[in-house]
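Q: Provided herewith is a single structure, encoded as structure tokens, for subsequent inquiry.
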Amino acid sequence: MNHLIVTPTALFFAVALVTVAFFISLKEKIGLEKDLVIGVIRAVIQLTIVGYVLTYIISVNRAWLTLLMVAIIVFNAAWNARGRARGIPHAFVISLLAIAVATGVTIGLLVLAKAIAFVPSQIVPVSGMIASNAMVAIGLAYRSLNSQFHDQRQGLLERLALGATRYQTAITVVREAIRTGMSPTIDSAKTVGIVSLPGMMSGLIFAGVDPTKAIMYQIMVTFMLMAATSIGSTISCYLAYPQFFNGNMQLRTPHS
Amino acid sequence: MADAIFDIQNVGLTVSRRTLLANISFKVAPGEFVTISGPSGSGKSTLLLLLATLLTPTEGQIIFSGQPQQEYETTAYRRMVSYCYQQPSLFGETVEDNLAFPFQIRQKPVNHDRMVKALADVNLPADMLTKNITELSGGEKQRVALIRNLIFTPKVLLLDEITTGLDAATKDTVHQVMANFTKQGVTIITVTHDESELAAADRLITIVDGRMEVTA
């Protein structure tokens, strides 16, 4: 099964691919050279560290250590989602709760259904996939909330003036934000196998697993990500929208 | 005026060290028609927003029907004291979406006949209900927004320059609607620059630089 021959030397030569992107950015004056270099350095350092950490966690195989690793992943995902919140109060706590519940519920159901086993080699990578997708969905939902509360301010003020509650005022905005958060996952589910061969499936096939078995895993992952992004987007939107109102049921002054 | 519907007591609003309104005091009797005028930026609309609880005074207090504003449940208060914006924004897709909204927020079944009657009151046909809001003229939009506020009769109607930019016929219709609601005992406080409305005012309050100048 182990036909993987990516040696450190081969990886070093793969840097040539990055230089292509670097020179395109330089020549076209895109201004992404610094970000590219930082991205490459961070990817190498972070993935190297996580490689050693995963090796250790898998070899030790302790439940608390697995859960700690999942908690670190969820914490980092929430921290990154918070960055997209652009001034929404309590965005970190909201993101943490949304991603923790999305990851916990999805992993819990998969373990209960015996689709995956509670072993670090399965729990940690699957948690990473769920948390990162929930993070992206929540980030998009935050962006949608911010832009709608800004663009539709007058209509929202009028709903308030007519005597609507905060929920009645914001419900159309919340629905649209949840839709925005979930749409990339649904779109990618529609095109999976036609346009994209997703990472997990490709990885299993690379590692020599029978493609039909790899596909079964990918189907599971697709369903799991749908559940995770819907849970994450819904929780984050429902907790975030009241932050756009003050204690007197007035719209807060926009940040931008 | 012991039984005033509004008793505005030394109300002021300061935002980021800028005083928008200061020492505003007056009373309004139930069913009274009060006109507020003053130069642009003098604080007239701000005063209406304070009365509507869409802004909160930083000084003084506003007593509504014998109780301070903040003692009311906010949504119940806003359904009694209805504020109509100068340039209203219709929401949803159709006129019906807008007129159904007041029913929905009160969790009451949408009453089609009532919507049609409300449209007729402002000289709009029944088939207007299904019309897309993007197809409406400025005058039609303003009238739909007005009846959105009036489909459940409020105790007080706050009108912020709602006749600005309307043609003479539409203005007359709006004036007729206002007169009808005054007859029903609805208190109306309106902000206006319109000369004919100022000339017809029963009671005029003038605000200049955030302060009351004259009460006539």
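Nothing in this text is a laboratory measurement; each read-out follows from the coordinates by a stated rule. It should be emphasised that the depicted structure is a prediction, and the values quoted were computed from it without experimental measurement. Note that each Cβ is placed from the backbone with ideal geometry, even for glycine, and that neighbours are counted across all protein chains shown.
Q: Taking N as the number of residues in chain B, what is its alpha-carbon radius of gyration divided by 2.2 N^0.38 Å?
A: So chain B has a normalised radius of gyration of 1.02.
Q: Mind checking which lysines have their C-alpha under 16 Å from B:Lys183, skipping anything on the same chain fewer than 8 residues away?
A: Qualifying lysines at Cα under 16 Å: B:Lys155.
Q: Which of the residue pairs B:Lys108/B:Lys131; B:Lys44/B:Lys108; B:Lys44/B:Lys141; B:Lys27/B:Lys131 have a Cα-Cα distance greater than 31 Å in the structure shown?
A: B:Lys44/B:Lys108; B:Lys27/B:Lys131
Q: Tell me, B:Glu96, B:Glu161 in order of fewest to most beta-carbon neighbours within 10 Å?
A: Lowest count first: B:Glu96, B:Glu161.
Q: Radius of gyration and Dmax for segment A:63-244's Cα atoms, expressed in Å?
A: 18.0, 63
Q: At q = 0.14, 0.19, 0.21, 0.27 Å⁻¹, work out log10 I(q)/I(0) for segment A:1-60 with the Debye formula, treating every Cα as an identical point scatterer and leaving solvent out; two decimals please.
A: Results for segment A:1-60 at q = 0.14, 0.19, 0.21, 0.27 Å⁻¹ read -0.56, -0.83, -0.92, -1.11.
Q: Give me B:Leu158, B:Leu50 sorted ascending by neighbouring Cβ count inside 10 Å, so fewest comes first.
A: Exposure proxy ranking, most exposed first: B:Leu50, B:Leu158.
Q: Taking each residue in B:70-83, count the Cβ atoms of any other chain within 10 Å of its Cβ, then average. What number comes out?
A: The per-residue average across the peptide is 3.
Q: What translational diffusion coefficient, to the nearest whole µm²/s, does segment A:1-105 have by Stokes-Einstein, given a Kirkwood radius computed over alpha-carbon pairs, a temperature of 20 °C and 1.002 mPa s viscosity?
A: Rounded to a whole number, D works out at 125 µm²/s.
Q: Here's another thing I want to ask about it. For the protein assembly as shown, take the convex hull of the Cα atoms, compute a quarter of its surface area, and give me that in nm², please.
A: So the Cα hull casts an average projection of 30.4 nm².
Q: I would also like to ask the following. In nm, what is the difference between 0.36 nm times the number of residues separating A:Arg175 and A:Lys27 and their Cα-Cα distance?
A: That pair, A:Arg175 and A:Lys27, stretches by 49.0 nm at full extension.
Q: Something else: Give me the aspartates and glutamates in straight-line cross-link reach of B:Lys117: C-alpha distance below 15 Å, same-chain residues under 8 apart excluded.
A: B:Glu96, B:Asp127
Q: Return the equivalent ellipsoid semi-axes of segment B:101-197 as a descending list in whole Å, where each equals the square root of 5 times an eigenvalue of the C-alpha gyration tensor.
A: Calculated on Cα positions only, the semi-axes equal 22, 18, 11 Å.
Q: Compute and list, largest first, the equivalent-ellipsoid semi-axes of segment B:1-45 from the alpha carbon gyration tensor, each √(5λ) rounded to a whole angstrom.
A: Equivalent ellipsoid of segment B:1-45: 23, 14, 6 Å, largest first.
Q: Another one. Calculate, in whole percent, how much of the Cα-Cα pair population of segment A:83-184 lies beyond 15 Å.
A: Distances greater than 15 Å cover 68 percent of the Cα pairs.
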